[in-house]
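The numbers here are math on the coordinates, done by the rules we state, and not lab data. Treat the numbers as computed from the prediction; the structure is a model and nothing was measured. Glycine also receives a Cβ, built like all others from the backbone with ideal geometry; neighbour counts cover every protein chain displayed.
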There are 2 protein chains.
Amino acid sequence: MSKKVTPRSQDYSRWYTDVVQRAELADYAPVKGCMVIRPYGYALWENIQAGLDRRFKATGVQNAYFPLFIPYSFIQKESEHVEGFAPQLAVVTHGGGEKLEEPLVVRPTSETVINSMFSQWIQSYRDLPLLLNQWCNVVRWEMRTRLFLRTTEFLWQEGHTAHATAEEAEARARLMLDVYTDFAVNDAAIPVIPGRKSDSERFAGAVRSYTIEAMMGDKRALQAGTSHFLGQNFAKAFGTQYLDQNNQLQYVWQTSWGVSTRMVGAVVMVHGDDQGLILPPRLAPIQVVIVPIGRSDEGAGARQAAQALADDLRARGVRVRVDDREEYSPGWKFNEWEMRGVPLRIEIGPRDLAAGQAVLVRRDSGEKAPAPLAGLGERVPALLDDLQRDLLARARAFRDANTHTVADYAGFQRVIDDPGGFIVAHWCGDAACEAAIQEDTRATIRCLPFEGQTGPGLCVRCGRPAAERAVFARAY
Amino acid sequence: MSKKVTPRSQDYSRWYTDVVQRAELADYAPVKGCMVIRPYGYALWENIQAGLDRRFKATGVQNAYFPLFIPYSFIQKESEHVEGFAPQLAVVTHGGGEKLEEPLVVRPTSETVINSMFSQWIQSYRDLPLLLNQWCNVVRWEMRTRLFLRTTEFLWQEGHTAHATAEEAEARARLMLDVYTDFAVNDAAIPVIPGRKSDSERFAGAVRSYTIEAMMGDKRALQAGTSHFLGQNFAKAFGTQYLDQNNQLQYVWQTSWGVSTRMVGAVVMVHGDDQGLILPPRLAPIQVVIVPIGRSDEGAGARQAAQALADDLRARGVRVRVDDREEYSPGWKFNEWEMRGVPLRIEIGPRDLAAGQAVLVRRDSGEKAPAPLAGLGERVPALLDDLQRDLLARARAFRDANTHTVADYAGFQRVIDDPGGFIVAHWCGDAACEAAIQEDTRATIRCLPFEGQTGPGLCVRCGRPAAERAVFARAY
């Protein structure tokens with residue numbers, strides 16, 4: 001089977017799908033819009049989960065599990081929420097061979113059912129804050145789907161917290177966005193822009209939504225994680241109240257926040273190239289592949305050296321695989337592991353062995369260099385750290401090179417078409433202006449960034465005074 | 001809030017529900033038959049997952065994720081399978097506001113959808129064996145539900161493997177039952193009986209089903225895990241074929257195997273007592289709770305000593321919690337942590353501190369003894385190991401004391417009523433005899449055990465020659 005993928009320059013969208021399928025990250029399920037996550041993709045997701053879960057728990061969050069099915073009436077209790085989600089619902093009407101009295105919704109997100117439990121569990125200020133998270137599947141009916149990026153069913157984590165004060169809830173929403181940023185930058189090597197969503201992009205039912213936005217390899221934006229300050233909207237809809245220190249009933253203040261299997265798609269699109277995936281070492285299921293060269297007797301020494309090096313690396317906590325399969329040629333294996341994005345390849349042939357060395361090949365730069373076998377195991381972790389750092393630097397340089405300021409709206413319209421990328425420009429805050437820009441250019445406000453040159457100016461479209469700048473882009 | 005539970009002797013079923021709710025393992029969801037797994041219960045499940053997942057991976061199994069929704073037509077492809085599962089299905093008829101062309105089933109188990117993918121992925125003998133597992137939720141419509149033991153939605157893992165030969169598949173089915181047995185005995189401290197299911201208790205679509213059966217505290221049996229040799233039933237229904245070494249198309253041979261959140265219920269019922277849960281140290285979310293005694297100034301030294309001991313234990317990999325909350329009395333805390341089944345409690349009061357000691361209280365035996373603070377951290381892991389071993393020994397002694405042989409069918413009927421428990425007796429292999437025994441006594445064949453006195457004899461009911469003995473019991 002040919003493992004070649006469509007070049008990015010030819011058809012980026014096709015390149016993405018080719019890579020996801022040929023690297024065996026995922027496949028199409030028999031049900032339209034659904035996907036199967038294959039073992040290599042799932043191992044990547046497990047590493048994403050581990051990196052996030054550890055960070056969540058360090059902030060005091062505990063995992064729990066809430067039911068898949070939500071009574072239809074729950075979804076209707078928060079008016080913005082039902083408006084946002086009603087068109088996307090999958091509905092169970094029959095169970096155990098009978099028509100149900102009330103149809104059940106397959107959860108698109110769990111604010112409603114979680115509030116129905118919070119309202120029972122929370123009695124007094126002593127029960128607050130309540131900091132929960134769940135890892136689960138959710139379903140949102142989608143017309144146009146794409147593996148990992150937009151599927152009818154996807155996996156995610158959804159955190160849900162309840163607090164005594166607005167300030168504490170707001171701080172938690174921001175803290176979880178910091179956690180996402182830290183994960184994206186340090187584990188996924190994706191330089192994200194944290195900021196606030198405009199009202200039109202707010203989560204259905206939230207007071208304020210925060211986001212981390214990343215630039216993909218085609219210069220389009222992808223929302224990689226969101227965190228919402230829900231105010232008391234759901235608390236009021238579900239009667240989630242507590243007795244404060246003065247014995248007064250108060251509604252709780254809430255947050256919710258989520259990262260999904262979409263993050264896998266982001267990793268593919270930020271780092272990958274025409275040879276396939278390039279995985280950041282911290283997330284790579286296999287960080288180092290060792291390929292001994294030479295068949296049977298001739299290669300026995302190389303295979304032995306490969307195993308010894310692998311044992312050494314495993315003892316240092318490196319995820320390593322020796323590919324000593326006899327039925328494939330070295331060239332085939334090199335292509336295969338490049339397609340799968342393994343950060344570092346180590347080749348050991350009989351001549352290398354005689355010279356007491358191995359050949360190291362970096363997946364990111366393709367750089368190929370001999371290295372002495374003696375002490376190699378000790379040097380690999382530092383090499384992987386270098387590679388991790390370089391991937392982040394490269395992604396940041398790419399993003400910065402493709403982030404533009406413009407002199408006026410004509411410039412905006414020209415630049416968004418060619419060369420494309422992010423445009424940082426002042427916005428007056430008027431949703432009508434935002435809609436007009438989207439209508440004219442297909443670019444949306446990705447966020448109002450927390451950092452950068454955010455002082456006042458004039459709106460790029462209407463010229464009215466604008467309090468802050470926004471990041472505009474065409475987005476996934 | 002009173003934390004007292006109904007005594008087991010008064011109402012075992014009520015005791016179980018009380019413990020699950022008051023120890024905050026789980027709660028009822030708003031949708032009938034569904035449950036919410038609370039943080040303490042989920043932490044226990046996470047430890048169960050970790051113990052199983054590690055063992056699966058050591059046998060070469062990889063995790064993946066298959067879709068929640070299955071086309072209704074898939075379920076119908078294997079005749080026994082549809083017959084077994086049709087009455088329990090939840091059906092999605094509407095998505096995105098429209099009626100679906102073909103209704104979708106919410107997976108009750110995934111043999112069908114997994115075979116639809118296997119038939120695409122498997123081409124040649126080189127692709128075999130394929131050893132996959134997924135951790136997910138499944139839905140089976142249930143009329144009479146009980147937290148963890150039988151709920152409409154539950155969490156589980158389902159392993160699915162495909163092999164070139166019947167022998168290899170059979171060996172895999174048995175291997176995974178061994179893995180379950182090892183986990184149950186060594187991590188959950190539950191002495192299970194591994195064996196084969198009778199045909200009437202076989203999984204719908206399997207050739208042979210294997211099971212591990214455990215005795216609960218009320219002497220009833222609980223099926224704690226199953227592993228199935230599926231033969232080629234699903235392979236033929238879905239056309240899952242491979243080209244063998246001779247370039248001939250062959251159907252694969254398959255297995256599937258699962259353990260669910262039911263295991264949490266088993267842990268509760270095997271070890272718990274009238275004070276609440278008793279958790280085996282290997283699964284306990286909190287293995288040691290340290291309670292410093294004395295408020296404010298008086299207790300400062302004790303609090304300090306508690307923190308120092310906790311740091312020491314954490315460094316040794318012990319899951320420890322210091323309960324220094326000022327708003328609760330020591331007595332309240334003791335009850336609370338007993339309810340939650342923490343294996344070991346360490347009390348440190350000002351007088352203990354002056355004497356250079358702490359008081360250790362074992363949750364299983366209630367045994368209370370002073371121990372020198374110096375070097376205590378070093379001794380705790382061994383103490384937890386002792387406790388783990390003693391829990392297993394106690395459960396095994398209880399099971400053995402309540403496992404009976406009987407002289408004749410009159411004896412069978414008497415013993416199953418009083419004193420109850422397991423009866424090991426010969427069975428002729430005739431399903432009619434099995435059904436008659438169930439009709440007469442409500443006891444079913446739990447398994448045909450692999451080990452024990454399994455030689456020939458006479459059927460306990462009909463007196464005809466019987467090749468082997470069965471374990472009979474009333475079951476959950």
- Query: When the convex hull of the C-alpha atoms of the range B:404-473 is computed, what volume per residue in Å³ does it have?
  - Reply: 73 Å³
- Query: Relative contact order for the range B:231-281: what is it in percent, counting Cα pairs under 8 Å that are at least 6 residues apart?
  - Reply: 24 percent
- the range A:12-271, dipole about Cα centre (Lys/Arg Cβ +1, Asp/Glu Cβ -1), debye to the nearest 20: 540 debye
- Where the Cα pairs of chain B fall when distances are cut into 10 Å bins, in %: 4, 18, 25, 24, 16, 9, 3, 1, 0
- Message: Let me check I have the definition right: for the range A:1-64, take the eigenvalues of the Cα gyration tensor, multiply each by 5, take square roots. What are those semi-axes in whole Å, largest first?
- Response: 31, 15, 11
- Task: From the P(r) of the range A:65-174, can you give the percent of Cα pairs sitting at distances over 25 Å?
- Result: 30 percent
- Relative contact order, percent, of chain A when contacts are C-alpha pairs under 8 Å separated by at least 6 residues? 14 percent
- Built amide H within the under 5 Å cut-off of B:ALA466, gap 5+: B:GLY457, B:LEU458, B:CYS459
- Taking the dipole of the range A:77-124 about the Cα centre (Lys, Arg +1; Asp, Glu -1; charges at Cβ), the one of A:GLY97, A:SER116, A:GLY84 that reaches farthest to the positive side is A:GLY97
- Query: In terms of modelled amide H atoms, which long-range or inter-chain residues lie less than 5 Å from the amide H of B:GLY421?
  - Reply: B:ARG474
- Query: Karplus couplings for the range A:187-197 from phi (6.51 cos²θ - 1.76 cosθ + 1.60, θ = phi - 60°), rounded to Hz, Gly and Pro as x?
  - Reply: 9, 8, 6, 10, x, 8, 10, x, x, 9, 7
- Can you give the Rg to Rh ratio for the range B:85-244, taking only C-alpha atoms and Rh from Kirkwood? 1.00
- Each residue of the range B:413-422 in order: what ³J(HN,Hα) in whole Hz does its phi give by Karplus 6.51 cos²θ - 1.76 cosθ + 1.60, θ = phi - 60°, with x for Gly and Pro? 5, 5, 5, 5, 7, 7, x, x, x, 8
- Note on the structure: Taking the label point 7 Å from Cα along the Cα-Cβ vector, the copy-to-copy distances for A:ASP408, listed from shortest in nm with one decimal, are 11.0
- Task: Determine the shielding of peptide B:104-113 by partner chains: average, over its residues, the number of Cβ atoms on other chains within 10 angstrom of each Cβ.
- Result: 2
- Note on the structure: Whole-Å distance linking the alpha carbon centroid of the range A:269-315 with that of the range A:429-460 is 46 Å
- Query: For the range A:203-293, treating each Cα as an identical point scatterer without solvent, what Debye log10 I(q)/I(0) comes out at q = 0.10, 0.15, 0.17, 0.21 1/Å?
  - Reply: -0.49, -0.74, -0.83, -1.03
- Distance between Cα centroids, the range B:1-42 to the range B:70-128: provide it in whole Å. 34 Å
- Peptide-level mean, for B:132-143, of C-beta atoms on other protein chains within 10 Å: 3
- Ranking A:SER296, A:GLY195, A:HIS271 by how far each Cα lies towards the positive end of the charge dipole of chain A (+1 on Lys and Arg Cβ, -1 on Asp and Glu Cβ), the top one is A:SER296
- Gyration tensor on Cα atoms of the range B:343-476, a ≥ b ≥ c root eigenvalues, a/c under 1.5 rounded, else prolate if a/b beats b/c, else oblate, says prolate
- Once the protein assembly as shown is represented by equal point scatterers at the alpha-carbon sites, with solvent omitted, what log10 I(q)/I(0) does the Debye formula produce at q = 0.06, 0.07 Å⁻¹? -0.49, -0.67
- Can you tell me the 0 to 90 degree angle between the C-alpha axis of helix B:431-441 and the longest principal axis of chain B, rounded to 10? 40 degrees
- Task: Beyond 18 Å, what share of the Cα-Cα pairs of the range B:288-383 is found? Please give it as a whole percent.
- Result: 39 percent
- Please report, in debye to the nearest 20, how large the charge dipole of the range A:403-473 is about its Cα centre when each Lys and Arg carries +1 at its beta carbon and each Asp and Glu carries -1 there. 60 debye
- Would you kindly work out, in nm and rounded to one decimal, the distances from the label point of A:ALA475 to those of the same position in each other copy, ordered shortest first, with label points 7 Å along Cα-to-Cβ? 5.3
- Query: Assigning unit charges at the beta carbon (Lys, Arg +1; Asp, Glu -1) and nothing else, what dipole magnitude in debye, to the nearest 20, does chain B show about its Cα centre?
  - Reply: 420 debye
- Taking the range A:357-423, the equivalent ellipsoid from its C-alpha gyration tensor has semi-axes in Å, biggest first, of 42, 11, 5
- Message: Defining the label point at 7 Å along Cα→Cβ, can you sort the distances from A:ASP199 to the same site in each other copy, shortest first, in nm?
- Response: 7.1
- Item | Those lysines that a straight Cα-Cα span of less than 25 Å connects to A:LYS197, excepting residues fewer than 8 apart in one chain | A:LYS77, A:LYS219, A:LYS236
- Note on the structure: Within 10 Å of the Cβ of an average residue in A:59-72, the count of other chain Cβ atoms is 6
- Query: Taking the simple approach of a point 7 Å from Cα along Cα-to-Cβ for both A:GLU451 and A:ARG414, what is their distance in nm?
  - Reply: 3.2 nm
- For the range B:225-239, take each phi angle, set θ = phi - 60°, evaluate the Karplus expression 6.51 cos²θ - 1.76 cosθ + 1.60, and give the result in whole Hz per residue in order, putting x for glycine and proline. x, 9, 9, 10, 8, 8, x, 10, 4, 6, 4, 6, 5, 10, x
- By per-residue mean of other Cβ atoms within 10 Å, what is the highest-first order of B:458-467, A:95-104, B:271-280, B:344-353? B:271-280, B:344-353, B:458-467, A:95-104
